[in-house]
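Asks: Dropping the structure in here first, questions after.
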Amino acid sequence: MQLYLIRHGQAEDRSAGGDDADRVLTPAGEKEMRRVARRLAELGIRIDHTATSPLARARQTAEALLAAGVTPAVEEEKFLAGNGTFDDLRAWLGRRRREGAASVALVGHQPGLGEWAETLLCGEVRGRIQLKKAGLIALELPESGSAPGACRLVWMTSPKLLL
């Protein structure tokens, strides 16, 4: 199974109401995410199942993937809002595997996405993976057995390298 970890695009510093969950992408962030999503589609990236944080900036990022035809649907998952655990991730991945998904994506936030990538690649958090806004990490998960420390990095990129 391929796992794509996608960080939301550039967002406003503060929402009009002051609630972090309501922060939306800036106009430049929206444009960049649309371009990244179109580029992923041009590269032939197709994601069977995509989950997003319920925070506005992540939802908008996932919607760009949907609009570009990279994924057929997007669902919200609370564990992606920044307070989810690796066990939450493992349970979500297990459900998608049982459904037969070949590729899945999670749209969320730092530091969680970087920490999960480190755990999957190294078996522990080392604080070294910094996923840029609108960046993504592609991992190959093992067919069976335990994923922590047994995954393979396929690629990691900032939006600048895609565009």
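Quick note: the coordinates plus some simple rules give every number you see, no bench work behind them. As the structure is a computational prediction, the values presented were derived from the model and not from experiment. Note: ideal-geometry Cβ built from the backbone for every residue, glycine included; neighbour counts use all protein chains shown.
Asks: Please state the relative contact order of the chain as a whole percent: Cα pairs under 8 Å, 6+ residues apart?
Replies: It comes to 30 percent, rounded to a whole number.
Asks: Angle, helix 112-122 long axis vs. longest principal axis of the chain, Cα atoms, 0 to 90°, nearest 10?
Replies: 20 degrees
Asks: In degrees from 0 to 90, rounded to the nearest 10, what is the angle of the helix 27-42 Cα long axis to the longest principal axis of the chain?
Replies: For 27-42 against the chain, the angle is about 40 degrees.
Asks: Return the long-range amide H neighbours of G123 (sequence gap of 5 or more, or a different chain), with a cut-off of under 5 Å between placed amide H atoms.
Replies: G149
Asks: Related question: Relative to the Cα centre, what is the charge dipole magnitude of region 9-163, using +1 at the beta carbon of each Lys and Arg, -1 at the beta carbon of each Asp and Glu, and rounding to the nearest 20 debye?
Replies: Here the size comes out at about 480 debye.
Asks: Oh, and also: Work through the residues other than T85 whose Cβ is under 15 Å from its Cβ and net out their charges, Lys, Arg +1 and Asp, Glu -1.
Replies: -4
Asks: Taking the 0 to 90 degree range and rounding to the nearest ten, how far is the long axis of helix 86-98 tilted relative to the main principal axis of the chain, both from C-alpha atoms?
Replies: Result, in degrees: 70.
Asks: While we're here: Would you please give the residues with an amide H less than 5 Å from that of A68, counting only those at least 5 places away or on a separate chain, with H modeled from the backbone geometry?
Replies: none
Asks: Turning to a different aspect of this structure: Take each of the peptides 99-109, 10-20, 24-34, average the number of other beta-carbon atoms within 10 Å over its residues, and list them starting from the highest.
Replies: Per-residue mean Cβ counts within 10 Å order the peptides as 99-109, 24-34, 10-20.
Asks: How much of the DSSP bridge set in the chain is antiparallel, in percent, rounded to the nearest 5?
Replies: 45 percent
Asks: I need the Kirkwood Rh of the chain: take the reciprocal of the average 1/r across all distinct C-alpha pairs and report it in angstrom.
Replies: Computed over Cα pairs of the chain, the Kirkwood hydrodynamic radius comes out at 15.6 Å.
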